[in-house]
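Here is the structure we will look at, set down as structure tokens.
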Amino acid sequence: RLRAPMPGLVTAVPVGVGARVRAGDALVVIEAMKMLHTLAAPADASVAELRCRAGDAVRGGDVLVAEDGSLVRVLAAPQPVLRITACPAHGTPVDLPRAAYHLGNRHVALEVKADHLQLEPDPVLADMLRRMHLIVTEMEAPFEPEAGAYGEGGGHGQHGHDHGHGHAHAHDDHHVQGHDHSHGH
């Protein structure tokens, strides 16, 4: 099984259906984390099917290329992340959505799950989230951030029309209300 280092954007597919490839030949090039990652053929084979093209966003689990019946699956490799969870003793149901809102205002790459958020390590953001009474845990885990409102597969996507709600907003760091108490995280 061929593993991509992380989800990203397909920048090149240097092979075509029917192409003979040798072990180590480039099948797909993905841009992730401002670096190019080449997914190479694990063995000599013929490309039976392509399931991606340049410009496609790929996420963990996406099938990219079938070679002689075997499938290539993108799996996000573990990397350092901050996992954010609500405090079970002092939290409220809006704590994680509120944190996602504040992180979105800062244009932070963010993975959103029902019970946690994940982002790349950042000590300033970790401190902000702790001040919001959230639990911040440093760990190694797969990281698949949202594509964003205008990214491939995101909220508005590319559906050919404008909603006419252009706006500007300030990006200051004065969104969080301070609290004078601590509860041990």
**Report entry** Residues within segment 20-40 that are small (Gly, Ala, Ser) and surrounded by 13 or more Cβ atoms within 10 Å (Cβ to Cβ), tallied
**Finding:** 3
Report summary line: Only one of (1) modelled with pLDDT under 85; (2) within 28 Å of PRO145 (Cβ to Cβ); (3) open to solvent by 60 Å² or more (accessible area, probe 1.4 Å) does not apply to PRO14, and that is (1)
Report task. Within segment 11-50, work out how many residues are farther than 26 Å from VAL112 by Cα, without any contact (Cβ under 8 Å) to a residue 40 or more places away in the chain and assigned to a loop (DSSP other than H, G, I, E, B). Result -> 12
Report task. Being open to solvent by 40 Å² or more (accessible area, probe 1.4 Å), at pLDDT 80 or above and hydrophobic (A, V, I, L, M, F, W, C) narrows it down to one of ALA54, ALA43, so name that one. Result -> ALA54
Query raised in the report: Can you find even one residue in segment 97-104 that is over 12 Å from LEU134 (Cα atoms) and of a type in the set (Ser, Thr, Tyr)?
Result: yes
Report summary line: Listed by first then second residue, the pairs whose first member lies in segment 118-140 and is small (Gly, Ala, Ser), whose partner is surrounded by 13 or more Cβ atoms within 10 Å (Cβ to Cβ), with beta carbons under 8 Å and at least 6 positions apart or on separate chains, are ALA126/LEU82; ALA126/VAL136
Query raised in the report: Can you tell me which residue in segment 116-135 is surrounded by the fewest Cβ atoms within 10 Å (Cβ to Cβ), limited to those that are closer than 22 Å to GLN79 by Cα and in contact with a helix residue (DSSP H, G or I) (Cβ under 8 Å, 6 or more places away or on another chain)?
Result: HIS116
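The values are calculated or read from the model by the stated rules, or taken from the named source; none is laboratory data. Bear in mind that the values here come from a model prediction, so they are computed numbers and not experimental data. Positions of Cβ are generated from backbone atoms using ideal geometry, with glycine treated the same way; all protein chains shown enter the neighbour counts. The area values use the complete protein model at the heavy-atom level, side chains included, leaving out ligands, DNA and RNA. Shrake-Rupley method; radii C 1.70, N 1.55, O 1.52, S 1.80 Å.
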